[in-house]
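Working notes, beginning with the structure itself.
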């Protein structure tokens, strides 16, 4: 027994450590599957030897994700977790356990819902108005995140429809859609900041920000799936619960299914394709549909008996890091790539994975020779989660950024305050190739028919040396290339000709200026209506523009100071590429000297239309509220900008008030 007790204690210690690494440090070192196996082993051990159960055992409580920095909220009812079924056989075993607790003639039906891989949120409404939002915390008490939750557009600030209870407490999940998480990381790259690795942990950190403006700047989504407490009682079934939640204005996952036949439900579980989901899930939740039967079944430990989580096989694996190779991007940023001992993961053999940046390597203490956790979700590029520290032998090697570019051997530099290391040679062959590939891509100049392979062909044959040379290509040049028949070549030349007239913002965003994405490009065009004027602007002038910080301003000035880049502009001008922005024709001056901030959704005007209207009447639109702001125009689901404006006593206008101000120059009373 002493050996068994010691093993149980070791399991508890390991699980506590992994909970801390996952929930607090956001640096897990084992896969979800390995964690589940540890927890299952402890559960089985304690089931066989109940005398070994301790009050602090991970099997006896809901894990806590509370933060010391945030005020606490007592939940209206316990926010429980779920037991896991790691395979279909365990789903059958769950049904068998449930059936034994009910009378023989009890007919069961089931609801299956996605098991969101996000952060649990508990929302309280009084008279239809959101009054409080909290994280799950330890199940009894969570962190108050009301201010931040108000910035999430999919969470209604006021309920819709009719028939909602006077007091309503619901449970949901906050997460990033896959596309939105990619957008967040794209913005990080544009700003020269480190990218995020784990969507769930990033959502958690975003929701717990002290500054709600940070939360508002990131596109979180919230799905709601349960009623915890309600004046007048709960709906009769889980399926009815979902329908009511949807009618009251909540976002409810559209992959929920109702089954009256258990076997049909099992087939649905077996055939479910999680890669088709727009957000990350790690399984499906099976619930007994009847609210009354759920209540009758009760709770065992920390798990309600009337539901179970069917966990998908892990999309993580552990393998050996054999080496690291630095890839050069279009702005010169060196991205470390892990060279791995081949491992089968998510249906493919993985030999390489992203390491994101060298600061992250240092932060996670990843070393060559380490056993590392690799994760892959669907078609997403595999990435290294972190090292398995317990597997170290002492022979592992530290990873350091290269001192010279692996392609052109030029100096590698890291600017103060930045994460990225980058090649300083703007003429680096790999930088040139990557820049041209981006220049022709969709969203940039959108030259159809010329992808990465075509760009490399043109460079290899010496037909182009930079972006401007594309506009001088001839039909005979293309017909001599492998894979270019006459029709394909003619179509490409026509697309190149069309690209000359793309809007100026598209051209600026396509040039490869560090930190300048499409939003910044539009901002620059609003201030400089010609590329030649922008090229001559000073650092001091740029830093006066709201939204342009000193680092970005310096990057813009530095780009135009490079002789090769000035030569590129000369060539683009010579071949007739558009360098003129659309000049906004004034319609009046009733808003002259006034600065506006827009927030929320207006009834009839889009954000762009409202901004254009303000500018056309002499006003200025900025992205953040300050003492210099004259008016905030607020629509439905206005967020933290509205709150800040109210704290600064800045006048608030609705759409009608804005239109009246434009017409008369005086605010409505």
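Bear in mind these aren't lab numbers, they're just calculated from the coordinates by the rules spelled out. These numbers were taken from a predicted model, which means no experiment stands behind them. Note that we place each Cβ from the backbone using ideal geometry, even for glycine, and neighbour counts take in every protein chain shown.
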Ranked by Cβ crowding within 10 angstrom, fewest neighbours first, how are 310, 35 ordered? 35, 310
Kirkwood-type radius of the range 413-482, with distances r between different C-alpha atoms, in Å: 13.5
Just the Cα atoms of the range 504-574, one point each, no solvent: what log10 I(q)/I(0) does Debye give at q = 0.19, 0.21, 0.26 Å⁻¹? -0.69, -0.86, -1.40
Can you give me the angle between helix 2-23 and the longest principal axis of the chain, using Cα atoms only, in degrees from 0 to 90, rounded to the nearest 10? 30
Under the definition of Cα pairs under 8 Å and six or more residues apart, what whole-number percent is the relative contact order of the range 94-160? 20
Starting from 0.36 nm per residue, how many nanometres of slack lie between residue 102 and residue 76 once their C-alpha separation is accounted for? 6.6 nm
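Below 8 Å, C-alpha to C-alpha, sequence gap of six or more: please give me the relative contact order for the chain in percent.
Computed value for the chain: 11 percent relative contact order.
Given the range 595-664, report the % of alpha carbon pairs whose separation exceeds 16 Å. Let's see the in-between values first.
Values: 937 of 2415 pairs.
Here the long-distance tail beyond 16 Å is 39 percent of all Cα pairs in the range 595-664.
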Per the Kirkwood formula over distinct C-alpha pairs, the hydrodynamic radius of the range 317-413 in angstrom is 13.9
Take the alpha carbon atoms of the range 187-318, find their radius of gyration, then divide it by 2.2 N^0.38 Å using N residues; give the quotient. 1.30
Paramagnetic label zone (point 7 Å from Cα along Cα-to-C-beta, residue 587; backbone N under 15 Å) in the range 500-527: none
Alpha-carbon gyration tensor eigenvalues x 5, square-rooted, for the chain, Å: 48, 35, 23
As a percent rounded to 5, the proportion of antiparallel DSSP bridges among beta bridges in the chain is 85
What does the convex hull of the Cα atoms of the range 445-499 come to per residue, in Å³, rounded to a whole number? 72
Can you tell me the orientation of helix 563-574 relative to the chain, as the angle in degrees between its alpha-carbon axis and the longest Cα principal axis, to the nearest 10? 70
Per-residue ellipticity at 222 nm attributable to helices in the chain (runs of n ≥ 4 DSSP H, -39500 (n - 2.57) apiece, nearest 500 deg cm²/dmol) works out to -10000 deg cm²/dmol
Eigenvalues of the Cα gyration tensor times 5, then square-rooted: what semi-axes does that give for the range 39-184, in whole angstrom, largest first? 32, 22, 18
Tilt relative to the chain, helix 550-561 - C-alpha long axis, 0 to 90 degrees, to 10: 40
How big is D, in µm² s⁻¹, for the range 234-290 by Stokes-Einstein at 20 °C and 1.002 mPa s if Rh is the Kirkwood radius over C-alpha pairs? 166
